[in-house]
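**Q** I have a structure I would like to understand better, so I am pasting it below and will then ask my questions one at a time.
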Amino acid sequence: MSKTLKYKCLFLDHDDTSVNSTPIIHHRAHIEVMKIMRPQLPPLSLDEWFKKNFNPGIMEYMKEDLRMTDEEVEIEYGIWRKYAEEITSDFFPGIIETLIQYRNRGGKIVVVSHSDKDLIERDYKTNGFFGEESFLPDMIFGWTTDATKRKPNPWPVITSLELFGIAPKDSIIIDDLKPGVIMGKNAGVDIVAAGWSHNIPEIKQYMKENTIAYFNSVEEFRNFLLG
């Protein structure tokens with residue numbers, strides 16, 4: 001191994017941190033949902049959608065703002081899932097190279113996301129990692145209806161670190177939104193912000209104030225992570 005890594009475990013968000021998915025999948029699905037389920041209301045703009053993801057969260061938005069029933073949430077999920085299955089997002093340029101270099105130097109990679117685990121795996125396999133089709137993160141924690149086992153709950157972080165025998169101080173989280181920040185704080189792990197997918201002032205300000213570093217580009221993050 002070359003130069004020792006400062007952080008032995010990377011907790012990595014997926015949507016809008018690793019893959020550029022919201023404009024082509026999640027927001028399009030939202031427009032379709034509103035057309036079918038709430039035709040009397042205008043859909044959110046792309047920036048408004050990012051803001052709802054940031055605060056209070058999409059589930060809270062559906063339950064509180066749109067007053068969806070549990071049955072309607074299931075229908076919404078079906079519409080979103082259809083879009084997510086039919087469209088594969090591209091990784092942001094440089095992410096794949098960064099992860100390969102990080103793993104080659106001994107780092108563990110754990111994805112913690114609100115997307116479905118099988119779709120996250122598909123994104124990695126489809127993008128191919130330069131032909132290394134077997135390359136997958138060491139662990140993937142996707143969406144679950146059990147709120148105690150998805151971010152912002154620290155359970156995915158605690159579970160991974162116990163398995164790997166790595167201390168929180170030797171780990172780092174990168175995310176573009178508040179849930180990852182809260183998860184990191186609850187787990188005692190350093191947090192950095194991915195600022196390359198959107199440029200919304202209130203989100204940017206929060207992420208800068210609540211993380212140890214804010215990166216405007218993948219290159220900035222790679223230089224930080226690999227030293």
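The values are calculated or read from the model by the stated rules, or taken from the named source; none is laboratory data. Everything quoted here is computed from the prediction, not taken from an experiment. No Cβ is skipped: glycine too gets one built from the backbone with ideal geometry, and neighbour counts run over all protein chains shown. For the accessible areas, the whole protein counts, side chains as well, though only heavy atoms, and no ligand, DNA or RNA atoms are used. Shrake-Rupley method; radii C 1.70, N 1.55, O 1.52, S 1.80 Å.
**Q** Checking residue 131 against (1) at pLDDT 95 or above; (2) part of a loop (DSSP other than H, G, I, E, B), which single condition isn't satisfied?
**A** So residue 131 meets the others, but not (1).
**Q** May I pose another question? State all residues of segment 143-158 that are part of a loop (DSSP other than H, G, I, E, B) and either at pLDDT 95 or above or among the small types (Gly, Ala, Ser) (or both); if no residue qualifies, say none.
**A** Of everything in segment 143-158, those that are part of a loop (DSSP other than H, G, I, E, B) and either at pLDDT 95 or above or among the small types (Gly, Ala, Ser) (or both) turn out to be 153, 154.
**Q** Shifting gears a bit: Could you give every pair whose Cβ atoms fall below 8 Å, whose first residue belongs to segment 27-51 and is farther than 25 Å from residue 201 by Cα, and whose second residue is acidic (Asp, Glu), counting only separations of at least 6 or pairs across chains?
**A** If the second residue must be acidic (Asp, Glu), the pairs left are 33/76; 37/72; 37/76.
**Q** What number of residues in segment 107-128 are open to solvent by 40 Å² or more (accessible area, probe 1.4 Å), modelled with pLDDT under 95 and under 24 Å from residue 5 (Cβ atoms)?
**A** Residues in segment 107-128 being open to solvent by 40 Å² or more (accessible area, probe 1.4 Å), modelled with pLDDT under 95 and under 24 Å from residue 5 (Cβ atoms): 1 in total.
The rows are residues; the columns are (1) over 16 Å from residue 16 (Cβ atoms); (2) in contact with a strand residue (DSSP E or B) (Cβ under 7 Å, 6 or more places away or on another chain).
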{"site": "162", "(1), (2)": "yes, no"}
{"site": "165", "(1), (2)": "yes, no"}
{"site": "168", "(1), (2)": "yes, no"}
{"site": "179", "(1), (2)": "no, no"}
{"site": "188", "(1), (2)": "yes, no"}
{"site": "215", "(1), (2)": "no, yes"}
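**Q** When you go through 77, 83 one by one, which is the residue that is closer than 30 Å to residue 32 by Cβ and open to solvent by 70 Å² or more (accessible area, probe 1.4 Å)?
**A** 77
**Q** Looking at 116, 138 in this structure, which one is under 22 Å from residue 221 (Cα atoms), in contact (Cβ under 8 Å) with a residue 12 or more places away in the chain and not polar (S, T, N, Q)?
**A** Going through 116, 138 in turn, the sole match is 138.
**Q** Being touching a Lys or Arg at 6+ places or on another chain (Cβ under 6 Å) and either on the phi < 0 side of the Ramachandran plot or among the aliphatic types (A, V, I, L, M) (or both) is true for just one of 4, 98, 69. Which residue is that?
**A** Result: 98 is the single residue among 4, 98, 69 that is touching a Lys or Arg at 6+ places or on another chain (Cβ under 6 Å) and either on the phi < 0 side of the Ramachandran plot or among the aliphatic types (A, V, I, L, M) (or both).
**Q** Just one of 136, 119 is under 16 Å from the mean Cα position of the chain (by Cα), of a type in the set (A, V, I, L, M, F, W, C) and in a loop (DSSP other than H, G, I, E, B); which is it?
**A** The match here is 136.
**Q** Moving on. So which residues in segment 159-170 are surrounded by 15 or more Cβ atoms within 10 Å (Cβ to Cβ) and in a loop (DSSP other than H, G, I, E, B), if there are any at all?
**A** 166
**Q** Hey, another quick one. Please go through segment 198-227 and pick out each residue that is part of a loop (DSSP other than H, G, I, E, B) and surrounded by fewer than 19 Cβ atoms within 10 Å (Cβ to Cβ).
**A** 199, 200, 210, 212, 216, 217, 227
**Q** Right, here's the next one. Hey, any hits in segment 7-30 for a residue that's surrounded by 14 or more Cβ atoms within 10 Å (Cβ to Cβ) and over 30 Å from residue 135 (Cβ atoms)?
**A** Yes, segment 7-30 contains at least one residue that is surrounded by 14 or more Cβ atoms within 10 Å (Cβ to Cβ) and over 30 Å from residue 135 (Cβ atoms).
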